[in-house]
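Below is one structure; the comments refer to it alone.
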Amino acid sequence: MQQIITRFAAVVATALLGGCATGFEATYDHDPANDFAAYKTFAWVSEHPMKVGSVERTPSPLLESQIMVTVESVLGAKGYRVVPDVESADFALSFTIGSRDEIKVDSYPSMSAGYAGYGYPSRWGGWGGAYYGYGTETTVRQYTEGMLAIDVFDVEERRPVWHGVASKTISESDRKDSGATVQAAVDAILAGFPPN
């Protein structure tokens, strides 16, 4: 019975944790004094704008162009136009990818059947020898937290003006369908650009 309860609790905990990690969570920061309404064109800071932060696995070199195409598409849908020369653009972009392995330890109460040496004293009739008590079950789960950050620089003033970052627990299906994963990350980040 103990094993069934333990397995059921582990399945429920895994399902709940998996449900929390279905999408990217994005955060943003920007210079409130910057005039984002003046921006019409953009370019990449260099031919290879991808920076690699802390990673547990070496990223695919194909990821850079995949992210660039996705960013250009999303910004194009917002009315911005990509230009080949960074000096003629209103703003420039770079991005950083990263990942790290995490370990999550959860403890939760569980039913544990058994006998305890506690009860009423024998002078009260010896009642209460056996009972069902509560114990604690612990689960340990290892997962990879993936991150994509996009930075926007004002070309004329040559300074950063906007930063967006999205992170999520990366599943095996995320790795297999990298196009959909990149699209979801870029959508989450650029939902905050330009800032309101």
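The values are calculated or read from the model by the stated rules, or taken from the named source; none is laboratory data. Source: prediction; values computed, not measured. Please note: Cβ atoms are built from the backbone with ideal geometry, for glycine as well, and neighbour counts cover all protein chains shown. Accessible surface is based on the protein model in full, side chains and every heavy atom, while ligands, DNA and RNA are left aside. Shrake-Rupley method; radii C 1.70, N 1.55, O 1.52, S 1.80 Å.
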Exercise. Is it the case that Val165 is open to solvent by 20 Å² or more (accessible area, probe 1.4 Å), closer than 29 Å to Asp35 by Cβ, β-branched (Val, Ile, Thr) and at pLDDT 75 or above?
Worked result: yes
Exercise. Take the residues of the range 137-158 that are among the charged types (D, E, K, R) and either open to solvent by 60 Å² or more (accessible area, probe 1.4 Å) or at pLDDT below 85 (or both): which is nearest to the chain's Cα centre (by Cα)?
Worked result: Glu145
Exercise. In the range 60-83, how many are at pLDDT 95 or above and either assigned to a loop (DSSP other than H, G, I, E, B) or at positive phi (or both)?
Worked result: 4
Exercise. Which members of the range 155-182 meet the condition of being among the polar types (S, T, N, Q) and not in a helix (DSSP H, G or I)?
Worked result: Ser167, Thr169, Ser171
Problem set entry | Restricting the range 28-77 to residues that are touching a strand residue (DSSP E or B) at 6+ places or on another chain (Cβ under 6 Å) and hydroxyl-bearing (Ser, Thr, Tyr), the residue that is surrounded by the fewest Cβ atoms within 10 Å (Cβ to Cβ) | Ser54
For this session: Just one of (1) more than 23 Å from Glu172 (Cα to Cα); (2) modelled with pLDDT of 95 or more; (3) of a type outside the set (Ser, Thr, Tyr) trips up Gly119, so point out which.
Result: (2)
Problem set entry | Selection within the range 41-88 - within 15 Å of Pro194 (Cβ to Cβ) and either over 26 Å from the mean Cα position of the chain (by Cα) or of a type in the set (Asp, Glu) (or both) | Thr41, Phe42, Gly79, Tyr80, Arg81
